[in-house]
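Engineer: I'd like to ask you about the structure that follows.
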Amino acid sequence: MGKSHRRKAGGDQFDSSDADSVSSVSTGLSELTLGNETEYVNSQEFELEKYIDALYEKRGSTREKALSGLVDAFEGHVLHIFVENKYITLLSQYINSIKRGSTKEACLASRAIGLLAITIGAGNNAHELMEESVSQLSQALITGSDAVKKSSVLDCLAVVTFIGANDLSETELSLKTMWQVIYPKSGPNVAPVKKLPPAVLAAAVSAWSFLFTTIGSWRINPDKWKEPIMFLSTLLEDNDRSVRIAAGEAIAIFFELGILDQNDHVEIDGVDHEDSKRGVFGYMQSMKAKILYKANELSVEAGGKGTDKKNLNDQRDLFQKILDYVQTGECPEISLKILNKHSFLRASTWTQIIQLNFLKRFLGKGFLKHAQDNELLHDIFDFAPDKSRNLSRIEKKISRSEGEKGRTQKMNKDRKLARERKQCQFLPQEE
């Protein structure tokens, strides 16, 4: 963009008759492509409608199959037009599957709601989807006992709130609900609660961290986050590396937001009393020292017999980056090739890195497609893919011809306007 195109002498140079020929080829190709695309869209919509009808069936296996088909479709395509007038119908059936279905059905339905939110994108529809689903998802978390189902619902709650929340209170409500599952002692339930399996706990902390990244745009009271910081620091001692890594990523956000770097001269939102300010400052300083000491250990941990080599390297790398960030203020950068060697999605803050890691995990095989075509992801990561480089030679020539035709038309229009302005300047003035 912004650079003029220079014609090359030789094969790419053509006169007006060539342009007419190319234009006719372009029209023919466009009509053929449009016809094929319309046929495909109609066929795809027919299949999707069949899946929706199947969600009303009494047989659980039938609903599971339909949900699986919908999940695959929403992973592989960005179905904006299809969901525009159907998202409430879809959401209602998905919630029914979470409430009455098997663990597999509930997990598929939770994933389907998250994909629906990602497809809708930010806006009023996303907020409506969040308002309709949050209470039902929260209820499923409170009343359910299946750990795998809880993990899927936590992911879903994180996604719908991330996309649909309009203010801090809505985000904090979902964060609180999620945290009570991760750390049951923080909730009202005093009865013994079964500890989440390590893989589920790691996924739950990642989901909570993903949503927590959104609070950076609001003023925050560090005093509210003392308990999460304390519990996350204990998870750095967990026997499972995936849990330690998830906790480390969450702690990195606390460092980036400055919550662990409070000093007694900083104005703290919601804390006016001088003694309270000093208490918050002292607590954060002690937690920072404890966390950095453990991070240093984890960054150089030696591998033992039977350890997961990949997780060990990931752990060392993460905690070394956290230490470097605290010392220098420089955040690591991630670059992912999305379309070609010229289209890279980049994450250069801890907030973006955690968001990218979560969305890659949640979207799975659908991440690349959504990174290419979903404007929501483009907005989150400030990414604009250059698709023109994937065109064939004939498509590039057609595109170049159409671009030059448009520029010529604009130049002719500008010249005409300029002539009219000059003529007006020389018209006799009425007295």
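Engineer: Say we look at the stretch 343-358 and pick out the residues that are surrounded by fewer than 21 Cβ atoms within 10 Å (Cβ to Cβ) and either aliphatic (A, V, I, L, M) or farther than 17 Å from I251 by Cα (or both); which of these is modelled with the lowest pLDDT?
Structural biologist: My answer is S343.
Engineer: Further question on the same structure: Evaluate the stretch 119-141: report whether one residue or more is outside any loop (DSSP other than H, G, I, E, B) and out of contact with any helix residue (DSSP H, G or I) (no Cβ under 9 Å at 6 or more places or on another chain). Before you say what the answer is, go through the steps one by one.
Structural biologist: Kept after step one, since they are outside any loop (DSSP other than H, G, I, E, B), are these residues of the stretch 119-141: 119-120, 124-141.
Next, from what is left, pick out any that are out of contact with any helix residue (DSSP H, G or I) (no Cβ under 9 Å at 6 or more places or on another chain): 124, 135.
Yes, the stretch 119-141 contains at least one residue that is outside any loop (DSSP other than H, G, I, E, B) and out of contact with any helix residue (DSSP H, G or I) (no Cβ under 9 Å at 6 or more places or on another chain).
Engineer: Does D324 satisfy the criteria of being acidic (D, E), exposed (fewer than 15 other Cβ atoms within 10 Å of the Cβ) and within 16 Å of W350 (Cβ to Cβ)?
Structural biologist: Details: acidic (D, E): yes; exposed (fewer than 15 other Cβ atoms within 10 Å of the Cβ): yes; within 16 Å of W350 (Cβ to Cβ): yes.
The answer is yes for D324.
Engineer: Still on this structure, please answer the following. Go through the stretch 200-234 residue by residue and tally those that are modelled with pLDDT of 85 or more, aliphatic (A, V, I, L, M), surrounded by 15 or more Cβ atoms within 10 Å (Cβ to Cβ) and over 18 Å from L157 (Cβ atoms). Steps first, please.
Structural biologist: Pass one, the stretch 200-234, residues modelled with pLDDT of 85 or more: 200-215, 225-234.
Filter once more, so that each one left must be aliphatic (A, V, I, L, M): 200-205, 207, 211, 215, 229-230, 232.
The next check asks that each one be surrounded by 15 or more Cβ atoms within 10 Å (Cβ to Cβ); those that pass are 200-205, 207, 211, 215, 229, 232.
If we keep only those that are over 18 Å from L157 (Cβ atoms) too, we end up with 229, 232.
Residues flagged as modelled with pLDDT of 85 or more, aliphatic (A, V, I, L, M), surrounded by 15 or more Cβ atoms within 10 Å (Cβ to Cβ) and over 18 Å from L157 (Cβ atoms) within the stretch 200-234 amount to 2.
Engineer: Would you confirm whether any residue within the stretch 85-101 is outside any helix (DSSP H, G or I) and β-branched (V, I, T)? Break it down stepwise before answering.
Structural biologist: Taking the stretch 85-101 as the starting set, the residues that turn out to be outside any helix (DSSP H, G or I) are 85-86, 101.
Narrowing the set further to residues that are β-branched (V, I, T) leaves none.
Checked against the condition, which is being outside any helix (DSSP H, G or I) and β-branched (V, I, T), the stretch 85-101 yields no hits at all.
Engineer: Going by what's in this entry, would A117 be described as more than 21 Å from T171 (Cβ to Cβ) and surrounded by 18 or more Cβ atoms within 10 Å (Cβ to Cβ)? Step through it out loud before you land on a result.
Structural biologist: Numbers: more than 21 Å from T171 (Cβ to Cβ): no; surrounded by 18 or more Cβ atoms within 10 Å (Cβ to Cβ): yes.
Criteria not met by A117.
Engineer: Considering (1) of a type outside the set (S, T, N, Q); (2) at pLDDT 95 or above; (3) in contact with a Ser or Thr (Cβ under 6 Å, 6 or more places away or on another chain), say which one L70 fails and leave the rest.
Structural biologist: Checking L70 against (1) of a type outside the set (S, T, N, Q); (2) at pLDDT 95 or above; (3) in contact with a Ser or Thr (Cβ under 6 Å, 6 or more places away or on another chain), the one that fails is (3).
Engineer: Which ones in the stretch 102-119 are among the β-branched types (V, I, T) and more than 16 Å from the chain's Cα centre (by Cα)? Outline the logic, then answer.
Structural biologist: Looking only at the stretch 102-119, we keep the residues that are among the β-branched types (V, I, T), and these are 103, 113, 118-119.
Result: T103, single match.
Engineer: Hey, can you tell me all the residues within the stretch 159-185 that are part of a loop (DSSP other than H, G, I, E, B) and either surrounded by 19 or more Cβ atoms within 10 Å (Cβ to Cβ) or among the hydroxyl-bearing types (S, T, Y) (or both)? Full working, then the answer.
Structural biologist: Start the filter on the stretch 159-185 by keeping residues that are part of a loop (DSSP other than H, G, I, E, B), which leaves 165-167, 183.
Across the stretch 159-185, the qualifying residues are A165, Y183.
For (1) over 19 Å from the mean Cα position of the chain (by Cα); (2) among the small types (G, A, S); (3) within 22 Å of S135 (Cβ to Cβ), each residue gets a yes or a no:
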{"residue": "S43", "(1), (2), (3)": "yes, yes, no"}
{"residue": "R59", "(1), (2), (3)": "yes, no, no"}
{"residue": "L79", "(1), (2), (3)": "no, no, no"}
{"residue": "V83", "(1), (2), (3)": "no, no, yes"}
{"residue": "K86", "(1), (2), (3)": "yes, no, yes"}
{"residue": "R100", "(1), (2), (3)": "yes, no, yes"}
{"residue": "G121", "(1), (2), (3)": "no, yes, no"}
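The values are calculated or read from the model by the stated rules, or taken from the named source; none is laboratory data. Keep in mind that this is a model prediction, so the values were computed, not measured. Counting neighbours? That spans all protein chains shown, and the Cβs are built from the backbone with ideal geometry, glycine included.
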